[in-house]
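Here is the structure we will look at.
Coordinate-derived values only; no laboratory data. Since we're looking at a predicted model, the values are computed, not measured. Cβ placement follows ideal geometry from the backbone for every residue including glycine, while neighbour counts extend to all protein chains displayed.
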Amino acid sequence: MARLLIIGDLSGELGQAARLALARGAQLLQADGITQGLALLRSKGADLVFCDVMHDVAWLTRTLAEERIATPVIACGRIKDAEAALRAIRAGAKDFLPLPPDPELIAAMLAAAAGHQDAPIVQDQAMRALMERAEQVARSEASVLILGESGTGKEVLARRIHAASRRAQGPFVALNVAALPETLLESELFGHEKGAFSGAVATRKGKFEQADGGTLLLDEIGEMQPSLQAKLLRVLQEREVDRLGGHAPIKVNVRILAATHRDLAAEVRAGRFREDLYFRLNVVCLSIPPLRERQADIIPLARHFARRYAQVNGLPERPLSAAAEALLLAHPWPGNVRELENTIHRAVLLAEGVEIGPEAIELAPVSPFRALLGAAAAPAPAAVPAPAPANPIAALVGRRMEEVERDLILETLGRCLGNRTRAAEILGISIRTLRNKLAEYRGQGLAVPPAPGQLAPGELLSG
């Protein structure tokens, strides 16, 4: 359930957007102006902000950045307000919502902010056993550590645990540790007092306080720096937080779920993760298998996504052809369920005729390293014989390790459309390591794909 803050007058079309969001299950907050909206963000928090373009969206996004509040802002306005929308996007708004609002677009924005809440599609026996174990521990107060490769559905499982818990009526708050730098992450977790740092013009509650009485998911916990690990451990032990610049601890009642694609036990042995924090988080461990090891789930998931995105895009529901399903079964899915979902969404848009055929299934090439990992686990079905693949290592022989690493990083980043966090997850490295590598490549004069919302060097704004 997404927590949505709307900044603007609800008597017109923005009110219609609010009613649609409520119908989709959003928890709604409303402010007449930006100052009131900022006060609500500081005290209650939100997953998403809809802001009327008639307000100063640029000042809002700038203030959020200065106060280290990482809530995305969606500018809202009529199509004739295109110039105002363009200014808002350039100033830092994440997206633009045209008014009058489209119900499915609002649904997609809420889903992106809060994560999909569909019932899990499970046919694989190992996944069924995992879901039964999750249901069993959901009603306890124990911390749960969720392990799994990027894209396997760790946040989806965390939300299911919260929904089945005794805290289900309380808030579910998720924070991606890898997406924020250390200075911003500390404020986001623990909050701050007025004057704690430059830009802290008012007191603000952190994620722990926002999740009071509910559940807090710390996603990609393995990326947390050691200094913050120590502070997190104290919060778990004492059940109280110290805001930045605060003078007294604040009691919190929060259940912690943590997720990571890393082997935390190995990180502990390597000295990169605190052993005492590891044991605090790892009361119950749930490990989600990658999609290539869950062959029985691929087609049910694909059919589910085909139905969902046909509805979202106002298209007729069409079945997957036998050839299309065989193609899906033959792919190793290095990006797991997230990659499958994106592939089917694209296929729904591209398909022609009464079925979704193989010509609409666009699969990203698999790197030589991932081909080695996935080939044995995802063989081509007998009905669709495939030519014997070339040895993926042969293409790498004779090249320097630094060159192979560079090409792999840049190719992955390009396929992630510049999304640093996503690329780091796929590569299995920290976001900090990725940023250092990219800075090194820029110093060598190499072209680095820009981050989403940024311009490539030499690119000019139009409009």
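Things worth noting here:
- Ranked list, fewest to most other Cβ atoms within 10 Å of each Cβ, for Ser227, Ser140: Ser227, Ser140
- Note on Met131, Met224, Met401: ascending count of other Cβ atoms within 10 Å places them as Met401, Met131, Met224, the fewest first.
- Filter on Lys80/Lys154; Lys80/Lys207; Lys94/Lys437; Lys44/Lys80; Lys80/Lys194 - keep pairs with C-alpha separation over 30 Å: Lys80/Lys154; Lys80/Lys207; Lys44/Lys80; Lys80/Lys194
- Restricting attention to the chain, close to 5% of DSSP beta bridges with both partner residues there are antiparallel.
- Selection among Gly418, Leu244, Pro319 by position relative to the dipole of the chain gives Leu244 as farthest towards the positive end (Cβ unit charges, Cα centre).
- Cα pair distances exceeding 40 angstrom across the chain, given as percent: 22 percent
- Computed over the range 396-443, the ratio Rg/Rh where both radii use C-alpha atoms and Rh is Kirkwood: 0.97
- Expressed in Å, the radius of gyration and Dmax of the Cα atoms of the range 1-52 are 10.1, 27.
- Put simply, the C-alpha atoms of the range 67-148 give a gyration tensor, and the ellipsoid matching it has half-axes of 39, 17, 10 Å, longest first.
- A dipole drawn for the chain from +1 and -1 charges on Cβ atoms has a positive end, and of Val156, Leu48, Pro171 the residue lying farthest that way is Pro171.
- Gyration tensor over alpha-carbon atoms, the range 3-114, equivalent ellipsoid semi-axes in Å: 18, 17, 13
- Helical content alone sets the calculated 222 nm signal of the chain at -13000 deg cm²/dmol, taking -39,500 (n - 2.57) per DSSP H segment of four or more residues and averaging over every residue.
- Pairwise centroid distance, computed over Cα atoms, of the range 265-342 with the range 423-437, Å: 21 Å
- Packing-based order for 404-411, 420-427, using average beta carbon neighbours within 10 Å, highest first: 420-427, 404-411
- Using the average count of surrounding beta-carbon atoms within 10 Å as a protection proxy, the listed peptides 9-22, 83-96 rank, highest first, as 83-96, 9-22.
- Here the translational diffusion coefficient of the range 105-203 follows from Stokes-Einstein with Rh set to the Kirkwood radius across Cα pairs; for 37 °C and 0.692 mPa s it amounts to 203 µm²/s.
- Counted charge near Glu104, where neighbours are those whose Cβ lies closer than 11 Å (Asp, Glu -1; Lys, Arg +1): +1
- Exposure proxy ranking for His261, His345, based on other Cβ atoms within 10 angstrom of each Cβ and starting from the fewest, stands as His345, His261.
- Over the range 126-287: Kirkwood hydrodynamic radius from C-alpha pairwise inverse distances, Å: 16.1 Å
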